[in-house]
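Below: the structure, in structure tokens.
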């Protein structure tokens, strides 16, 4: 008989305790104040349209968020700067 909990741990959709997708290292969960501040600074640098560059810079700073997450967070939750 197979243990179903070990099957979940092998899945690429498994999200660990820290809110990171274990297969890709992407963060899934609430944004921190530091991530918000970095996002705002990167949007000022790259503009509110080049989300892949914003995401690349987020990743280089240790915050593994994809462009779609950055765009949605900026548009929906943060005050507009433009």
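The values are calculated or read from the model by the stated rules, or taken from the named source; none is laboratory data. Note that the coordinates shown come from a computational prediction; the quantities given were computed from them, not determined experimentally. So basically every Cβ, Gly included, is an ideal-geometry build from the backbone, and we count neighbours across all protein chains shown.
Test residue 82 against the stated conditions and say whether it is at pLDDT below 95 and surrounded by fewer than 14 Cβ atoms within 10 Å (Cβ to Cβ).
Values: at pLDDT below 95: yes; surrounded by fewer than 14 Cβ atoms within 10 Å (Cβ to Cβ): yes.
Yes, satisfied.
Against the condition at positive phi and at pLDDT 85 or above, how does residue 25 come out, does it pass? Answer is no for this residue.
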